[in-house]
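Working notes, beginning with the structure itself.
The values are calculated or read from the model by the stated rules, or taken from the named source; none is laboratory data. These numbers were taken from a predicted model, which means no experiment stands behind them. Backbone-built Cβ (ideal geometry, glycine too); neighbour counts: all protein chains shown. Accessible surface areas use protein heavy atoms only, side chains included; no ligands, DNA or RNA. Shrake-Rupley method; radii C 1.70, N 1.55, O 1.52, S 1.80 Å.
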Amino acid sequence: MKKKAINGIKKIYNNDKPLIIEWIMVGIISFIILCFFIHGDTENLIKWTLNMFDVTVKGKPLDFYRYSIENPNMAPNNYVSGTLYSLIIWAIWNIPIGIIKTIFGVEVLHNPLVYIWGKLFLVLCLCITMFFVNKIVKKITGDVNNAKWAMFLLASSLFIYIGVYYGGQNDIVICAFATAAVYCLMDGRNKWFYFLAGMAISVKYFFFIPYVAIILLLEKRVLRIIYKIVLGIIPTGIYWLVTRACPMVSESASQGSPISVLLKEMVGGAFPVVYNNSISLFIGMLLIIYILAYLTSPQNDDEKYRYLIYYIVATCLAMLLFSTFQYYRVVMVCPFIAILMVIDKEKYRINVIMETIISISLFLILIIQSGLYLFVSSVVNKNVFKFVFGTSGVEENFSLGMDISCWI
């Protein structure tokens, strides 16, 4: 009887695809984090979309930056920087909130359901990313079950829980555009690849780093390389040409998150060389990867697709390993890590074990390093706690990261 039960369990868990109960567990964890946490950055993004709705209704969309600085919707930060492509899409998602607030005059900004609805946009982007991860894996391997495992590994990633449901940042929007772009490239739709890759870059500029590696892998003629790299930044260039005359746009760019700050973070880690000079570890590693990508000449489509995923992962990991980054940035590499883990079936189990160890280790490091930002009482959605439990939840300020740091 005992042996029969053990064999039954083995039979279930030797299944080639994720179990329904495992998907249910992922859904429960995701739902709890979605509802019970609201990060300041998420509040910013949602209130900025409402600013966008307000100025559009007034017929003055170009006044967005000035209107946000005036801050009528009381966002934690009133300076908006970067392109607004992802914010425009998010604003369309939040039209129901805007209608209730602006047209019907209902005060919604203290209602926790508003922020839950806003964060569901990121869940939609995650679902789009999972859809294209599925199609990419099937394109590379032709294995339907491998594709299901890739989706499950992405959905259950520790950093998806943190970046999408907890941090609520829009890095997952990059993933939606990037995975769609990669699939279009594999499917021979090159024009769509350049457009979608350009959109991924324009959301936040980080995808430009793997984009260059992709071009170097696929193209060996110097002028064609330059031309194709320029194609990837056209959406960003168009945006800044259109908005450069917007009132207060330059003030927003300088006060929000200027490019100089991001560049400083990315090239900050360095090793010393002669005469008190130093070389950025990130730039050094990136140059090595770019040279390898240029020297790599895939012999067939299968090899090309596998190298494509490899170099995307390699460049993203170079950024994460050798530069300063916020904890939610890890989301950018998660879809491609999931693909990389499943496309070699023989190494699948060891890949899962290694990735689990690495993710948990990085998670602990980030808790210690990000004590003021990661798992702090200010991020708890107290209104939801009060609605569900009759109490506002955490009454005192605490920081899990700071507590662990002190204990160590």
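Observations on the structure shown:
- Yes/no for Ile174 being in contact with a Lys or Arg (Cβ under 8 Å, 6 or more places away or on another chain), of a type in the set (A, V, I, L, M) and closer than 17 Å to Phe325 by Cα: yes
- Residue match in the stretch 5-15 (condition: at negative phi, under 25 Å from the mean Cα position of the chain (by Cα) and open to solvent by 60 Å² or more (accessible area, probe 1.4 Å)): no
- Filter result for the condition that a residue is closer than 17 Å to Tyr161 by Cβ and open to solvent by less than 50 Å² (accessible area, probe 1.4 Å), over Ile343, Ile337: Ile337
- Number of positions in the stretch 28-40 that are part of a helix (DSSP H, G or I), out of contact with any Leu (no Cβ under 8 Å at 6 or more places or on another chain) and either open to solvent by 40 Å² or more (accessible area, probe 1.4 Å) or closer than 12 Å to Val380 by Cα (or both): 8
- In a residue-by-residue description of the stretch 159-179, the property of being open to solvent by 40 Å² or more (accessible area, probe 1.4 Å), assigned to a helix (DSSP H, G or I) and within 20 Å of Ala314 (Cα to Cα) applies to no position.
- Complete set of residues in the stretch 210-245 that are within 30 Å of Tyr65 (Cα to Cα) and in a loop (DSSP other than H, G, I, E, B): Ile233, Arg244, Ala245
- The set of residues in the stretch 42-98 being farther than 13 Å from Thr243 by Cβ, open to solvent by less than 30 Å² (accessible area, probe 1.4 Å) and not in a helix (DSSP H, G or I) consists of Asn73, Ala75, Asn94.
- Condition check for Ile69: modelled with pLDDT of 90 or more and within 24 Å of Leu126 (Cβ to Cβ): no
- The sole residue among Ile100, Ile89, Ile46, Ile95 that is touching a Lys or Arg at 6+ places or on another chain (Cβ under 9 Å) and hydrophobic (A, V, I, L, M, F, W, C) is Ile46.
- Each residue in the stretch 302-316 was checked for being farther than 21 Å from Cys334 by Cα and in contact (Cβ under 8 Å) with a residue 24 or more places away in the chain, and 1 of them qualify.
- From Leu374, Leu320, Leu366, Leu308, residue being open to solvent by less than 60 Å² (accessible area, probe 1.4 Å), in contact with a Phe, Trp or Tyr (Cβ under 7 Å, 6 or more places away or on another chain) and at pLDDT 75 or above: Leu366
- Verdict on Ile337 being within 30 Å of Gly168 (Cα to Cα) and part of a helix (DSSP H, G or I): yes
- Restricting attention to the stretch 267-305 and to residues that are farther than 28 Å from Phe132 by Cβ and assigned to a loop (DSSP other than H, G, I, E, B), the residue that is modelled with the highest pLDDT turns out to be Val267.
- Checking each residue in the stretch 99-145 for being open to solvent by 50 Å² or more (accessible area, probe 1.4 Å), among the β-branched types (Val, Ile, Thr) and assigned to a helix (DSSP H, G or I) picks out Ile99, Ile100, Thr102, Ile103, Ile128, Val144.
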